[in-house]
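Working notes for the structure below.
The values are calculated or read from the model by the stated rules, or taken from the named source; none is laboratory data. Note that this is a predicted model, so its numbers are computed, not measured. Note that each Cβ is placed from the backbone with ideal geometry, even for glycine, and that neighbours are counted across all protein chains shown. Heads up: the accessible areas ignore ligands, DNA and RNA and are worked out on the full protein's heavy atoms, side chains in. Shrake-Rupley method; radii C 1.70, N 1.55, O 1.52, S 1.80 Å.
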2 protein chains.
Amino acid sequence: MNDVARAAGVSLKTVSNVLNEYEFIRPATKQKVLDAIAELGYEANLTARSLRSGKTRMLGLVLSDLSIPYYAELASRLMNVAAGRGYRVLVEQSGATAAHELSALQGPFRQLTDGLLFTPLTLDAGTIAAHRGAKPVVMLGEHIADLRFDLVTMKNAEAAAAITAHLLSGGRRRIAVLGAAAGDTADSPGLRLNGYRQALKAAGVEFDPALVVECDWRRDGGASAVGGLLGSGVPFDAVFGLNDAIALGALHELLIRGIQVPDDVAVAGFDDIEEARFASPSLTTVSPGMAEIAERSIALLIDRIEGAEPAAEGLRIEAGFELKIRDSAP
Amino acid sequence: MNDVARAAGVSLKTVSNVLNEYEFIRPATKQKVLDAIAELGYEANLTARSLRSGKTRMLGLVLSDLSIPYYAELASRLMNVAAGRGYRVLVEQSGATAAHELSALQGPFRQLTDGLLFTPLTLDAGTIAAHRGAKPVVMLGEHIADLRFDLVTMKNAEAAAAITAHLLSGGRRRIAVLGAAAGDTADSPGLRLNGYRQALKAAGVEFDPALVVECDWRRDGGASAVGGLLGSGVPFDAVFGLNDAIALGALHELLIRGIQVPDDVAVAGFDDIEEARFASPSLTTVSPGMAEIAERSIALLIDRIEGAEPAAEGLRIEAGFELKIRDSAP
DNA sequence: GGCCTAGCCTATAACGTTGTACAAGCTATG
DNA sequence: CATAGCTTGTACAACGTTATAGGCTAGGCC
């Protein structure tokens with residue numbers, strides 16, 4: 001920057017002012033500086049800028065694992081939206097462990113970023129509140145439902161109810177639910193299960209706890225859950241995987257065992273990951289408005305970062321959803 | 001750091017020395033400093049450290065799109081390996097456009113990272129060489145095969161030959177190849193196609209250009225390619241997708257049209273993404289040793305960063321591969 | 001004519017670390 | 001007991017920016 005200043009015959013600070021689009025600079029001076037910059041191929045040192053300004057123009061994204069398609073697709077979108085607003089996204093994988101989540105919340109990772117998009121899976125609201133630090137944090141997902149936090153989420157219960165209603169409208173009466181979590185009522189599994197129960201009730205179909213199976217939210221979780229169900233002899237004519245990975249694993253297992261989908265058993269999921277469209281048969285699921293989630297969570301976080309007041313209360317944003325009826329449950 | 005120094009009754013630099021594990025510090029002094037650090041909850045400012053040292057301890061990873069499963073899985077592994085060595089990974093999506101690739105190579109992104117893992121798809125070796133800058137760059141993939149660069153790649157031709165041989169051994173004689181790129185001989189499509197041709201030759205099966213179809217390396221590319229092939233009336237009894245996404249798209253399209261897999265047509269892919277295991281039928285493919293690629297590329301890049309000499313010539317690392325025989329082509 | 005304001009630019013001091021150079025204390029040696 | 005050599009600690013400058021405060025000019029107003 002010194003060289004640029006010398007070449008343009010102005011002071012260091014004037015070059016800085018040009019770069020920062022300071023208002024009161026004569027066009028002629030500005031041009032001289034820009035010419036010098038172009039000639040010397042100067043690029044501002046971002047580290048020094050960060051040190052002085054206290055901003056890194058990076059956003060932190062904490063998720064359990066990038067290799068999970070839902071998170072990969074979300075991360076990709078978030079990065080594109082953030083780039084449009086002049087920010088980068090630094091991703092941290094927590095592996096869904098409390099220790100990693102905590103270190104992402106308060107460790108060096110936090111220093112590198114101006115704000116955090118946080119998908120907690122294990123930490124509770126109290127712990128997060130105690131360690132959230134001064135910089136803005138926006139929660140993604142449902143694990144935290146607390147007015148102290150900004151939260152971007154989806155209409156879990158409504159969407160689950162809608163897809164359950166769709167299965168019911170197709171004449172299914174014994175709809176197995178895969179991916180429940182014991183005792184949960186407020187997190188994604190609980191909310192979606194709740195939507196399922198609402199839809200049953202609305203249709204006058206009795207709820208059977210034997211149809212609710214716990215499992216990991218992964219393909220192999222769904223596969224073994226449906227295997228267990230078949231082994232137990234509980235009859236069912238449809239499977240609702242609480243996310244697409246579970247549903248796809250279940251679909252795979254059903255087909256391996258020679259069960260026809262959707263003729264014998266219909267299958268539905270939740271998330272609308274790309275893979276769902278190309279499964280065989282293609283997977284009926286619900287699209288939770290990922291584009292909207294990405295747009296609005298980035299916008300909210302950047303507003304918190306750049307906005308003056310620290311916002312007394314958390315904002316709650318719920319993205320809309322859309323049913324994707326495909327061949328696994330037409 | 002000032003506060004810590006004052007609390008411990010030592011100088012600023014002594015605190016810095018403790019943090020940097022400088023050798024000549026009396027245990028008593030060191031303990032005083034550590035106590036003060038613990039009491040005050042001090043954390044070193046990474047930005048200042050970067051400014052002073054010129055290192056960020058971040059590695060750049062340039063790929064086309066994180067929502068592509070292969071890249072998502074690779075990124076996830078790379079991040080874990082890097083974390084084990086005290087580095088973070090900053091991901092940049094190029095969208096496979098030359099402009100983005102170039103800006104990732106020489107723009108501000110470069111400043112933020114000590115070295116680059118670069119998956120070029122459009123830029124040629126000359127352009128990259130001209131703009132690579134001073135910091136280390138390790139190439140991933142096959143697009144660049146040039147002794148000037150460090151390169152971590154896989155045994156494309158051998159693996160493609162092996163999987164083709166497997167299809168041949170199953171009695172298939174008309175194996176369609178999806179995902180070729182016109183004129184290419186040195187990039188992934190070209191190398192894999194070449195392996196296919198070698199295997200045909202070794203088995204004494206004549207090569208038929210009508211079986212080679214160009215398409216995007218995505219699920220819908222594979223789907224429309226196989227659709228085109230069926231429409232053209234060219235007979236085939238197997239499909240080799242040059243990556244798993246293509247193969248999965250093709251598989252989907254075949255099943256939709258009522259073609260039995262593997263009875264009528266066998267399907268094979270390349271990459272062994274997680275999705276392949278859970279496709280229905282599960283996808284026969286080749287695992288290109290992603291774990292090895294992740295380990296070795298990070299190790300190489302960090303060696304280049306921390307090593308003294310800038311390494312006159314590029315190193316070439318080829319990971320091993322493994323056939324994954326599944327139901328789509330048993 | 002003197003004073004004030006707006007517009008434009010600059011000198012200097014930070015931001016929080018690490019590298020360099022050197023000083024002080026201690027031990028071993030002749 | 002002086003000296004050399006090692007160990008341990010310190011002061012100061014530097015990394016490349018931006019913030020603060022203020023200087024200088026030109027024009028308008030009383």
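With the Cα gyration tensor of the range B:151-251 giving a ≥ b ≥ c as the square roots of its eigenvalues, does the rule (a/c under 1.5 for rounded; else a/b larger than b/c for prolate; else oblate) give rounded, prolate or oblate? It is oblate, given that a/c is not under 1.5 and a/b is not larger than b/c. Which residue fluctuates most in the GNM of chain B (Cα springs below 10 Å): B:Arg49, B:Arg218, B:Arg57? Highest fluctuation among the options: B:Arg49. A simple spin-label model places the labels of B:Glu43 and A:Asp263 5.9 nm from each other, with each point 7 Å out along Cα-to-Cβ. Between A:Gly60 and A:Leu90, A:Asp114, A:Gly115, A:Leu116, A:Leu117, the built amide H atoms are under 5 Å apart, and every one of these is 5 or more places off in sequence or on another chain.
Residues whose amide H comes within less than 5 Å of that of B:Ala176, counting only those at least five positions distant or on another chain, are B:Asp237, B:Ala238, B:Val239, B:Phe240 (H built at 1.01 Å from N in the peptide plane). Based on Cα atoms of the range A:2-44, Rg over Rh with Rh as the Kirkwood radius reads 0.90.
In order along the range A:16-21, the Karplus-derived 3J(HN,Hα) couplings, from 6.51 cos²θ - 1.76 cosθ + 1.60 at θ = phi - 60°, round to 4, 4, 4, 4, 9, 6 Hz, and Gly and Pro are given as x. Using the 1.4 Å probe convention, the accessible area of the range B:156-287 works out to 36 Å² per residue with neighbouring protein chains retained. Using Cβ point charges alone (K and R +1, D and E -1), the dipole size of chain B about the Cα centre works out to roughly 960 debye. Taking the Cα centre of the protein assembly as shown as origin and assigning +1 to Lys and Arg Cβ atoms and -1 to Asp and Glu Cβ atoms, the resulting dipole is close to 1760 debye.
Put simply, chains B and A cover up around 3800 Å² of each other's accessible surface, both sides summed, when a 1.4 Å probe is used. Candidate cross-link partners of B:Lys13 among the aspartates and glutamates, defined by an alpha-carbon separation under 17 Å and a same-chain spacing of 8 or more, comprise B:Asp3, B:Glu21, B:Glu23, B:Asp35, B:Glu43. For the range B:68-108, the Cα gyration tensor yields ellipsoid semi-axes of 22, 15, 5 Å (square root of five times each eigenvalue, largest first, whole Å).
Here B:Glu313 and A:Glu313 are evaluated by their C-beta separation; at R0 = 60 Å the FRET efficiency comes out at 0.50. Over all directions, the projected convex hull of the C-alpha atoms in the protein assembly as shown averages 34.6 nm² in area. Pairwise Cα separations in the range A:185-330 fall into 10 Å bins from 0 onward with the following percentages, short to long: 11, 35, 31, 14, 8, 2, 0.
Rounded to the nearest Hz, the phi-derived 3J(HN,Hα) couplings of the range B:236-251 under the Karplus curve 6.51 cos²θ - 1.76 cosθ + 1.60 (θ = phi - 60°) are 8, 10, 7, 10, 10, x, 5, 9, 5, 4, 4, 4, 5, x, 5, 4, where x marks glycine and proline. Taking +1 at the Cβ of each Lys and Arg and -1 at the Cβ of each Asp and Glu, which of A:Met154, B:Ser282, B:Val15 sits farthest along the dipole of the protein assembly as shown towards its positive end, judged by Cα position relative to the Cα centre? Of A:Met154, B:Ser282, B:Val15, it is B:Val15. Per-residue ellipticity at 222 nm computed for chain A from its helices equals -14000 deg cm²/dmol, with DSSP H segments shorter than 4 residues left out and the rest contributing -39,500 (n - 2.57). A dipole drawn for the range A:156-287 from +1 and -1 charges on Cβ atoms has a positive end, and of A:Gly228, A:Gly241, A:Gln260 the residue lying farthest that way is A:Gln260. Neighbours of B:Leu12 by Cβ distance under 11 Å: Lys/Arg scored +1, Asp/Glu scored -1, total +1. To test your reading of the geometry: what angle, between 0 and 90 degrees and rounded to tens, separates the Cα axis of helix A:188-203 from the longest principal axis of chain A? The angle comes out near 40 degrees.
Largest first, the extents of the alpha carbon coordinates of the range B:249-319 on the three principal axes equal 61, 20, 14 Å. For A:Lys201, give me every one of the lysines with a C-alpha distance below 30 angstrom, ignoring sequence neighbours fewer than eight places off in its own chain. Partners found: A:Lys155, A:Lys324. For chain B, taking Cα atoms only, Rg and Dmax work out to 25.0, 85 Å respectively.
The 3J(HN,Hα) values that the Karplus relation (6.51, -1.76, 1.60; θ = phi - 60°) gives for the range B:61-73 are, in residue order, 10, 10, 9, 6, 7, 5, 7, 7, x, 4, 5, 4, 5 Hz. Gly and Pro appear as x. The range A:273-287 and the range A:145-182 have Cα centres lying 17 Å from one another. Interface residues of the range A:64-91, defined as those losing at least 40 Å² of solvent-accessible heavy-atom surface relative to the isolated chain (probe radius 1.4 Å), are listed as A:Leu66, A:Ser67, A:Ser76, A:Met79, A:Arg88, A:Leu90. Candidate cross-link partners of A:Lys135 among the lysines, defined by an alpha-carbon separation under 23 Å and a same-chain spacing of 8 or more, comprise A:Lys55.
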